[in-house]
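Here the structure comes first, spelled out in structure tokens, and everything after it is commentary.
The values are calculated or read from the model by the stated rules, or taken from the named source; none is laboratory data. Bear in mind that the values here come from a model prediction, so they are computed numbers and not experimental data. FYI the Cβ positions are ideal-geometry reconstructions off the backbone, even for glycines, and counts take in every protein chain you see. Surface areas here come from the heavy atoms of the whole protein model, side chains and all, with no ligands, DNA or RNA. Shrake-Rupley method; radii C 1.70, N 1.55, O 1.52, S 1.80 Å.
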Amino acid sequence: MSLLFKSFSTTFAVLLTFSLLASTILFIIIKWGSFRKSNNLPKLPPGPSPWPIVGNIPELLKNKPPFHWMAGIMKKIDTAIACFSLGSVHVIVVNSPELARDFLHNHDTEFASRPFTMATEYSSRGFLSMVVSPTGPQWKKIRKMYTTELMTPTRHRWLLEKRDHEADNYVSFILNQCNSSSDGSVVNVRTALRHYAINVVRKIVFNRRYFGKGRKDGGPGEEEEEHVKTIFTVLRHLYAFCISDFLPWMRVFDIQGHEKIVKEAMGIFNKYHDPIIEERIKQRKNGDIQEPEDLLDVMISLKEANGKSLLSEEEIKAQCIVRAVLWVDSRTTSLEWAVAHMINKPEMLQKATDEIDRVVGKQRLIQESDIPQLNYIKACGKESLRLHPITPFNLPHVAMSNTIVGGYFIPKGSQILLGRRGLGRNPKVWEDPLVFKPERFFNDKSCKIELMEPELRLITLSSGKRACPGIALGTALSVMALGRILQGFSWSVPATDKMIDLSELQNEFEMSKPLHAHAKPRLPAATYDAIA
Ligand code: HEM
């Protein structure tokens, strides 16, 4: 009997709490609505009607993946801006360049923050790095360090030798695979691209290519494979509409399992990065390191005006994770798509190699100094970002105050998601939006192509206070990755297939299968000898 009474009273307490909560929120909503009306504030952007407390979360959970569901609703109501209520957060999706510019040009300061999420908290070790941190003193401190110390033109030149080293290894890794037969060989392009990208990061940050013993042919060992896999795991979960980010009281349940996955991924980063960082800090303290050799040394040696270290050990560890995730994610997936499209269109491959042969010739490999002249290669890279961004949305921007944009009311705390795919494939902006056509970036006025897209017709490096500060490094790595692979080898569809399969992985933006293509060296043997 007492058990029955206990369970009855618990249920009653839960129901009572729930109804109190619901009526408070309903009261706030009604009050807020009448406040808005009485102050003549415009309406929120259109969107699905929210449920009390949870908003549109039930629909979000039912319709996977979220970006498909959001795109479907926006198409149905024919809007370029929509508001989805997730818990108490307004998530505003934007798919038109005019509105995107309104947010990031005209109202940049009001939308310069980032949301707090479970995955970003873990990956930045408590918001110690820049990319995912909300605006505030920590973000300012790290952004200043990037712009005045880590990413200056002088520092970029200082790191050139390391980048060159990895660009050479990239070619020789593919060459070693081709050399297994006189007629070339089928190569996993995804592995080559990702390995090159992360090698550059490891080299400029840790001055090493391998965490373990590595491989004789220049390819990734099992430690490096695990490292790259972890980068993509973190990337997929950074802003993955984790329910507890919108309903914090749900965090203990971890119903989507995101927290467990992210925690494990961080454990893997820590396993590889931390011993190197800790050892280096010790060496520096003991005076074993005088001149910095890589960015880790630079970060350890930076001092404040009072002589104290600028960065704590935790802050240094957080920056190392960010650098790994940023570069590998943002480009390699798109570049893999670019190579796939080009193999299916040999005239495009021809155009690219004609440009390279004209600018560089066949007696030497592409160098970073050639980049300004390799406009067709840059256009191919940019087109791949338009058609195949790795994530559906740009990094979220958070409204720091109530603002009116495009005639709509955007409440403080709203998250603004510029649709990378929504913008890049917008038929009102792009002719034949689903066709890979690098020529679209050339116009009568200019044949010069830049990765930047300040008009926000697509998201490359974005714009405003939160724009990507990695432009020089990002451009260099993209052009070298695509240029060298096209210059060094003739690519074709493997004999077992008719065409490269251009289908997408279900619910993801990757190719459904890693790109395997036939590669044959196309330069004189002496040109490769220079990198042996
Ligand atoms: C071609 C390659 C790259 C592309 C396309 C790219 C693109 C982007 C984009 C779209 C953003 C978000 C901007 C926004 O919130 O509106 C971003 C932010 C950022 N990127 Fe890049 N990026 C690239 C390479 C790099 C590299 C190599 C680095 C350096 C390690 C880097 C460092 C950053 C940082 C630190 C931020 C955050 C800035 C902030 O929140 O204040 N990026 N990037």
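A few remarks follow.
- Residues of the stretch 55-65 classified as part of a helix (DSSP H, G or I) and open to solvent by 30 Å² or more (accessible area, probe 1.4 Å), total: 4
- Condition check for Asn394 on (1) surrounded by 20 or more Cβ atoms within 10 Å (Cβ to Cβ); (2) within 11 Å of the ligand (Cβ to nearest atom); (3) more than 13 Å from Phe103 (Cβ to Cβ): one failure, at (3).
- Here Thr332 meets the list (1) modelled with pLDDT of 95 or more; (2) closer than 26 Å to Arg440 by Cα; (3) in contact with a helix residue (DSSP H, G or I) (Cβ under 6 Å, 6 or more places away or on another chain) almost entirely, failing just condition (1).
- Between Asn169, Asn176, the distinction of being open to solvent by less than 40 Å² (accessible area, probe 1.4 Å) and either away from the ligand (no atom under 16 Å from the Cβ) or over 30 Å from Asp297 (Cβ atoms) (or both) belongs to Asn169 only.
- Exactly one residue out of Ser301, Ser309 is among the hydroxyl-bearing types (Ser, Thr, Tyr), free of Cβ contacts under 8 Å to residues at least 24 places away in the same chain and open to solvent by 40 Å² or more (accessible area, probe 1.4 Å), and it is Ser309.
- Matching residues in the stretch 453-477 - criterion: being closer than 18 Å to Arg420 by Cα, within 6 Å of the ligand (Cβ to nearest atom) and open to solvent by 10 Å² or more (accessible area, probe 1.4 Å): Thr460, Leu461, Ser462, Arg466, Ala467, Cys468, Gly474
- Identity of the residue in the stretch 397-425, under 30 Å from Phe436 (Cβ atoms) and not hydrophobic (A, V, I, L, M, F, W, C), that ends up farthest from the ligand (Cβ to nearest atom): Arg425
- Which numbered condition Ser369 misses (of (1) part of a helix (DSSP H, G or I); (2) more than 15 Å from the ligand (Cβ to nearest atom); (3) surrounded by 19 or more Cβ atoms within 10 Å (Cβ to Cβ)): (3)
- Checking each residue in the stretch 209-231 for being in contact (Cβ under 8 Å) with a residue 40 or more places away in the chain, open to solvent by 20 Å² or more (accessible area, probe 1.4 Å) and not in a helix (DSSP H, G or I) picks out Arg209, Phe211, Asp217.
- Residue match in the stretch 491-499 (condition: surrounded by 22 or more Cβ atoms within 10 Å (Cβ to Cβ), near the ligand (Cβ under 10 Å from one of its atoms), in contact (Cβ under 8 Å) with a residue 24 or more places away in the chain and closer than 18 Å to Ile377 by Cα): no
- Taken over the stretch 381-391, residues that are open to solvent by less than 10 Å² (accessible area, probe 1.4 Å) and near the ligand (Cβ under 10 Å from one of its atoms) amount to 2.
- Considering the stretch 137-166, and only residues there that are open to solvent by 20 Å² or more (accessible area, probe 1.4 Å) and outside any helix (DSSP H, G or I), the residue that is farthest from the ligand (Cβ to nearest atom) turns out to be Thr152.
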